[in-house]
Amino acid sequence: MNIVSTIKRLCNERHTTLNRVEIELGLSKSSISKWDTNMPSVDKISKVADYFGVTTDYLLGRTDDPKGAVFPQILRITTKDGKALTEEEMQKVIDFAEMVVKARDK
């Protein structure tokens, strides 16, 4: 799988779009779609990997292990006014999610 296909799949899994990722990361419109023919800089690949919580090796197809691709999505939650959650707020979200999973497993 190529880098663009991998990013599109990650977008689908997280119910977002390439355009939204580009906007949030400050990339130019449709730039990710061009990465199959024009390899982006390491910095851009790293930004996308961090955004999805995967390794750059995963994006580049060097490994099938995303190393926790779902977990960092929780950390990207923002408040209604668009501000990022604080470390303390993120920990509360994580604690709540763990509580829900434990309750479900009973």
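Every number in this text was worked out from the coordinates using simple rules, so none of it is lab data. No experiment lies behind these values; they were computed from the predicted model shown. Methodologically, a virtual Cβ is constructed for each residue, glycine included, from the backbone with ideal geometry; neighbour enumeration extends over all protein chains shown.
Selection of first residues in region 38-55 that are closer than 15 Å to Ile23 by Cα and in contact (Cβ under 8 Å) with a residue 24 or more places away in the chain and of second residues that are among the aliphatic types (A, V, I, L, M) and surrounded by fewer than 16 Cβ atoms within 10 Å (Cβ to Cβ), restricted to Cβ pairs under 7 Å at least 6 apart or on distinct chains, gives the following pairs, ordered by first then second residue: Val48/Leu25; Tyr51/Leu25.
Taking the criterion of being free of Cβ contacts under 8 Å to residues at least 12 places away in the same chain and closer than 17 Å to Asp57 by Cα, the residues of region 1-18 that qualify are Ser5, Lys8, Arg9.
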